Amino acid sequence: MKNRLSTKLLAWYKAQKRILPWRDHPDPYAVWVSEIMLQQTRVDTVIPYFEKWMKLFPTVKALASASEQDVLNAWEGLGYYSRARNLHKAAKIVAEKFMGELPRDLDDLRSLPGIGRYTVGAIASMAFGMNEPTLDGNLRRVFSRLFDVDEFADSPAGEKILWELAAGNLPKGQAGDYNQALMDLGATICLPKNPRCLLCPLMTLCKAREKGTQELRPVLKPKKAVPSYVHAAAVIVERGRVLLSQRPADGLLGGMWEFPNARVEGDPAKVLVKALDSATSIKVKRGEALGVVEHAYSHFRVTVHPFRCEKVSIPKKKDLKWVKLSELEDYPMGKVDREIARRL
């Protein structure tokens, strides 16, 4: 099946491959940036971010010398901000240790922050032409259906099976195009729901199609219930400036800026003052409500109630900063706080 699979797939790819700005790019850095951006993000969302990024940071050394705030600003809206921070950290290492050139050695690649097994395979095959398999969400789905894998695809046993299939069917000398062909197939034909089997170049080879189990593959573990939280935020404006708080470097939205807030229970309007004082030592007098902002993260949902507030006392802390309203766009924020900023 190996030769028939790759022959059919590569012929389809030659005729149908998507035109993407990082494809056939002469610089491995471009492949690296695109692969990090594409983790958990759709291609059509990534394209404008990639093009903007490559103008702002055209080389590894340009990225390495940029400030973290500039990097997070360029990433704002893509989510999963640890990707941007790791890309920035890795660029500094590549600039210092590898003369600004992404290393070809697989162990060196693996040592860089934010580069795991999937990304190593993608970069090695697509940027350096090496015979390395890779396995993203699209490839997991394609292989689960092609070989009718009934093991949980998101379990260690399932991962092992799928990586073996990815490696075992890799056509030597054509790994880059082959891996990209599988990505395109998963993104345009072998869709998560209602796969377009009749248009698939591998339809006659697909065991799940043969057994009628394509809608049941891949098999995934049941998802846990997503918790919901309520926050109250203080929008403290004084003489054309507003108080912002910078989140810790590690963790969700690390290094991003936000309006001081606290998780609350009960009526946000009634408990804001006490909750904010307890969480941040910021003392305020609550004013008018500024509506409600909701957002779903990967593992929880949040509902934020922002209020205009008057300052009573503000502690001297490094993570607090008064910012001109006209300069709010210069401070990277998550979607919730950017929406609050727009309402100002």
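What follows is calculated from the coordinates using simple rules that are stated; it is not laboratory data. Everything numeric in this text was worked out from a predicted model, so none of it was measured. Ideal geometry is used to build each Cβ from the backbone, glycine not excepted, and the neighbour counts take in all protein chains shown.
When restricted to Cα atoms, the chain yields an Rg and a Dmax of 23.7, 73 Å, respectively. With the simple spin-label model, which puts each label point 7 Å out from Cα in the Cβ direction, the Glu96 to Leu320 separation comes to 3.4 nm.
What does the helix-only formula give at 222 nm for the chain: each DSSP H stretch with n ≥ 4 adding -39500 (n - 2.57), the total divided by the residues, and the result rounded to the nearest 500 deg cm²/dmol? Please report the intermediate quantities before stating the final value.
On the way: 14 runs with 151 residues, N = 344.
Taken over the chain, the calculation gives -13000 deg cm²/dmol.
Bridges between two residues of the chain, per DSSP, are antiparallel at a rate of about 65%. Distance from the Cα centroid of region 223-263 to that of region 62-94 is 20 Å (rounded to whole angstrom). If R0 is 56 Å, the Cβ-Cβ spacing of Thr204 and Glu327 corresponds to a FRET efficiency of close to 0.40. Is the shape of region 69-150 best called rounded, prolate or oblate, per the rule: a/c under 1.5 gives rounded, else a/b larger than b/c gives prolate, else oblate, with a ≥ b ≥ c the square roots of the Cα gyration tensor eigenvalues? Verdict is oblate for region 69-150. The listed peptides 173-179, 194-200, 320-326, ordered by packing as a protection proxy, come out as 173-179, 194-200, 320-326 (highest mean of other Cβ atoms within 10 Å first). Averaged over residues, the count of other Cβ atoms within 10 Å places the peptides 70-76, 22-28 in the sequence 70-76, 22-28, highest first. When the C-alpha to C-alpha distance is required to be over 24 Å, the pairs from Lys8/Lys223; Lys52/Lys89; Lys274/Lys316; Lys52/Lys335; Lys55/Lys89; Lys274/Lys317 that qualify are Lys8/Lys223.
What ranking do 300-306, 244-250 get when scored by the average of other Cβ atoms within 10 Å per residue, highest first? Before the final figure, lay out the partial values.
Values: 300-306: 18.3, 244-250: 15.0.
So the peptides 300-306, 244-250, ranked by packing, come out 300-306, 244-250.
Using a simple spin-label model with pseudo-atoms 7 Å out from Cα toward Cβ, Arg239 and Arg301 lie 4.3 nm apart. Spin-label model, Arg342 to Leu220: label points 7 Å out along the Cα-to-beta-carbon direction sit 2.8 nm apart. Counting only lysines at least 8 places from Lys160 when in the same chain, those with an alpha carbon closer than 20 Å to its own are Lys2, Lys207, Lys221.
Please report, in cubic angstrom per residue, the volume enclosed by the convex hull of the alpha-carbon atoms of region 87-196. Please list the in-between numbers first.
Details: hull volume 12.4 nm³, N = 110.
It is 113 Å³ per residue.
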